[in-house]
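What follows is a single structure, written as structure tokens, with notes after it.
Computed from the coordinates by the stated procedures, all read-outs in this text should not be read as laboratory data. No experiment lies behind these values; they were computed from the predicted model shown. Counting neighbours? That spans all protein chains shown, and the Cβs are built from the backbone with ideal geometry, glycine included.
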Amino acid sequence: MVYQKILVPIDGSEHSKRALKEAIGLAKMTEGNITLLSVCTKGANQDNEAQQNKCKNALEDMQKIVEAEGVPVHELLLEGKVVDQIVRTAKEGCFDLVVIGARGLSRLEEIMMGSVSHGVAENAPCPVIVTR
Ligand SMILES: Nc1ncnc2c1ncn2[C@@H]1O[C@H](COP(=O)(O)OP(=O)(O)O)[C@@H](O)[C@H]1O
Ligand SMILES: [Mg+2]
């Protein structure tokens, strides 16, 4: 198995940035490409447009990092349940690999794995690398 089509879910956290760095290293070895996926969630009292902009900005920042490394990159912005959207994208896009951070934006420092990384590792149709 050559991991050429790599999905990297990002939430704007340093953790997901580290996952991206790993994915870039892999993509260089396999002459692969990276798809960045941000799943925008609707906060209870949050301005949806502000939230969308946050997601778009995070995607743009990460896209620049990948481009600077000479790896082909695509971006996806989706809404809905985070784990479901990541798993569905991995399936429907026939990805070879998902690279995801163990943790994300939440501050519960005692837990080892966040609910998104846990859910994706359990349900993805392909191998998953959980980075630390
Ligand atoms: N909304 C999201 N869209 C895309 N990827 C996400 C999203 N939320 C989390 N992730 C991915 O899942 C990883 C783990 O995050 P998560 O499980 O939410 O941990 P935490 O509970 O610390 O926030 C992140 O590093 C990122 O790669
Ligand atoms: Mg989170």
In sequence order, what are the phi-derived ³J(HN,Hα) couplings for the stretch 12-29 according to the Karplus relation 6.51 cos²θ - 1.76 cosθ + 1.60 with θ = phi - 60°, rounded to whole Hz, with x for glycine and proline?
x, 8, 4, 4, 6, 5, 5, 4, 5, 4, 4, 5, 5, x, 5, 4, 5, 5
Relative contact order for the chain using alpha-carbon pairs under 8 Å, separation at least 6, rounded to a whole percent?
33 percent
Per the helix-only calculation at 222 nm, which mean residue ellipticity applies to the chain, given -39500 (n - 2.57) for every DSSP H run of n ≥ 4 and division by its residues, nearest 500 deg cm²/dmol?
-14500 deg cm²/dmol
Just for the Cα atoms in the chain, what are the lengths along the principal axes, largest first, rounded to whole Å?
43, 29, 29
Give the cysteines in the chain for which no other Cys Cβ lies under 4.7 Å away, or write none if there are none.
Cys94, Cys126
Applying 1/(1 + (r/R0)^6) with R0 = 30 Å to the Cβ-Cβ distance of His74 and Met112, what FRET efficiency is obtained, to the nearest 0.05?
0.50
Ranked by Cβ crowding within 10 angstrom, fewest neighbours first, how are Asp11, Asp96 ordered?
Asp96, Asp11
Non-local amide H neighbours of Thr131 (under 5 Å, H modeled in plane, Pro and chain starts lacking H): which ones?
Ile100, Gly101, Ala102
If one compares the long axis through the Cα atoms of helix 82-92 with the longest principal axis of the Cα atoms of the chain, the angle in degrees, nearest 10, works out at 30 degrees
Under 15 Å Cα-Cα from Lys5, which aspartates and glutamates qualify once same-chain neighbours fewer than 8 residues away are excluded?
Glu22, Glu31, Glu75, Glu92, Asp96
